[in-house]
Amino acid sequence: MQINLISDVHFRTDGLAEANRDADVFVCLGDLILFLDYDDPAEGIFANLFGTANSARYIEMRRRFKFDEARAFSRELFESIGAEPWQAISEQVAAQYAKLFAAMPGGLMTYGNVDLPVMWPEYVRSDQQVLDGETTEIDGLRVGFVGGGLQTPYRTPFEISDEDFQRKVDQLGEVDVLCTHIPPAVPEICYDIVARRLERGSTALLRYIEEVQPRYAVHGHVHQPLASRTTIGRTEVINVGHFRSLGQPYRLIVN
Ligand SMILES: [Mn+2]
């Protein structure tokens with residue numbers, strides 16, 4: 001069986017409709033929205049609202065961990081255009097989701113940390129199934145999903161508490177393939193060599209993998225990882241890649 005997996009789409013729509021080519025099953029691990037593009041400050045919702053120069057300045061503040069300063073700057077910008085932040089952002093997100101869900105192949109999906117789950121029901125098609133803290137069966141293969149991210153100073157839109165994340169992991173039971181947005185907390189797969197920072201992985205996922213030993217644990221979230229694969233006991237752990245830069249799915253062959 002071939003499973004085509006993508007993650008971290010970040011509003012790349014070209015190549016999306018073909019991401020299920022030759023696949024028996026298509027899976028998307030979330031992060032559909034592009035709010036800020038750290039590689040190109042001209043792209044994304046923030047730049048659409050406030051222009052490239054302001055977006056570059058905002059990115060720089062966040063890179064330097066000046067989160068309070070960045071928040072004050074953003075507040076100022078929303079006031080300057082006379083817009084209520086949630087209103088202005090959700091209009092932009094809606095425009096991105098409409099295009100993304102239309103182009104996305106049918107299959108199985110979960111949320112990333114850069115997603116607004118509350119807006120998904122309006123766009124999800126009947127051939128797209130959203131799973132979070134749930135398991136499904138494909139040809140006798142048990143496939144479990146845990147979406148979203150954990151709390152960080154970046155305050156991305158879908159970060160949940162460790163307790164809530166653990167609860168979703170506990171709901172899975174035994175699976176053959178574990179599908180998550182964030183990785184298990186293993187340093188070499190959590191470290192981003194371009195951003196030069198450790199992204200937050202999950203110790204709940206690590207413990208689950210150590211205990212249950214699924215055949216595969218697939219994730220995204222870390223755009224340029226130090227290691228895109230590792231093993232935890234008998235489990236093969238794979239980062240399926242940053243779709244925004246690759247435009248290609250990861251093809252997992254399960255025998
Ligand atoms: Mn991402």
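The values are calculated or read from the model by the stated rules, or taken from the named source; none is laboratory data. Please read these numbers as outputs of a predicted model, since none were measured by experiment. No Cβ is skipped: glycine too gets one built from the backbone with ideal geometry, and neighbour counts run over all protein chains shown.
Could you give every pair whose Cβ atoms fall below 9 Å, whose first residue belongs to the stretch 52-72 and is at positive phi, and whose second residue is in a loop (DSSP other than H, G, I, E, B), counting only separations of at least 6 or pairs across chains?
65/153
Residues in the stretch 17-44 that are closer than 30 Å to residue 72 by Cβ and within 14 Å of the ligand (Cβ to nearest atom): how many?
Total satisfying the criteria: 12.
Could you look through the stretch 173-200, keep only residues that are small (Gly, Ala, Ser) and in contact (Cβ under 8 Å) with a residue 24 or more places away in the chain, and pick out the one that is farthest from residue 2 (Cα to Cα)?
My answer is 195.
Among the residues of the stretch 197-223, how many are within 16 Å of the ligand (Cβ to nearest atom) and either at pLDDT below 95 or surrounded by fewer than 16 Cβ atoms within 10 Å (Cβ to Cβ) (or both)?
So the count comes out to 2.
Looking at the stretch 25-48, can you tell me whether even one residue there is free of Cβ contacts under 8 Å to residues at least 60 places away in the same chain, in contact with a Phe, Trp or Tyr (Cβ under 8 Å, 6 or more places away or on another chain) and in a helix (DSSP H, G or I)?
yes
Go through the stretch 1-15 residue by residue and tally those that are within 22 Å of residue 225 (Cα to Cα) and outside any strand (DSSP E or B).
Qualifying residue count for the region: 6.
When the stretch 224-255 is examined, which residues are found to be among the basic types (Lys, Arg), away from the ligand (no atom under 16 Å from the Cβ) and under 27 Å from residue 103 (Cα atoms)?
Across the stretch 224-255, the qualifying residue is only 251.
Given the conditions (1) of a type in the set (A, V, I, L, M, F, W, C); (2) more than 11 Å from the ligand (Cβ to nearest atom); (3) more than 19 Å from residue 180 (Cα to Cα), which single one is not true for residue 3?
The number of the failed condition is (3).
Which of the numbered conditions does residue 170 fail, given that it passes all the others? Conditions: (1) out of contact with any strand residue (DSSP E or B) (no Cβ under 6 Å at 6 or more places or on another chain); (2) in contact (Cβ under 8 Å) with a residue 40 or more places away in the chain; (3) within 23 Å of residue 115 (Cα to Cα).
Unmet for residue 170, out of (1) out of contact with any strand residue (DSSP E or B) (no Cβ under 6 Å at 6 or more places or on another chain); (2) in contact (Cβ under 8 Å) with a residue 40 or more places away in the chain; (3) within 23 Å of residue 115 (Cα to Cα): (2).
Residues to consider are 137, 122; find the one that is exposed (fewer than 15 other Cβ atoms within 10 Å of the Cβ) and within 25 Å of residue 44 (Cβ to Cβ).
122
I need every pair where a residue in the stretch 224-246 that is more than 15 Å from residue 180 (Cα to Cα) has its Cβ under 6 Å from the Cβ of a residue that is within 16 Å of the ligand (Cβ to nearest atom) and at pLDDT below 95, sequence separation at least 6 or different chains.
Partner pairs satisfying both residue conditions: 224/194.
Any residue at all in the stretch 53-61 that's within 16 Å of the ligand (Cβ to nearest atom) and farther than 23 Å from residue 180 by Cα?
Among the residues of the stretch 53-61, at least one is within 16 Å of the ligand (Cβ to nearest atom) and farther than 23 Å from residue 180 by Cα, which makes the answer yes.
Going by what's in this entry, would residue 14 be described as within 16 Å of the ligand (Cβ to nearest atom), among the acidic types (Asp, Glu) and in contact (Cβ under 8 Å) with a residue 12 or more places away in the chain?
Taking the combined requirement at face value, the residue does not satisfy it.
If you check residue 100 against the conditions, is it within 16 Å of the ligand (Cβ to nearest atom) and either at pLDDT 95 or above or closer than 20 Å to residue 11 by Cβ (or both)?
Judged against the criteria, residue 100 is a match.
Could you check residue 162 against (1) buried (at least 17 other Cβ atoms within 10 Å of the Cβ); (2) within 15 Å of residue 201 (Cα to Cα) and say which number it fails?
Condition (1) is where residue 162 drops out.
Only one of 133, 144 is away from the ligand (no atom under 16 Å from the Cβ), in contact (Cβ under 8 Å) with a residue 60 or more places away in the chain and touching a helix residue (DSSP H, G or I) at 6+ places or on another chain (Cβ under 9 Å); which?
144
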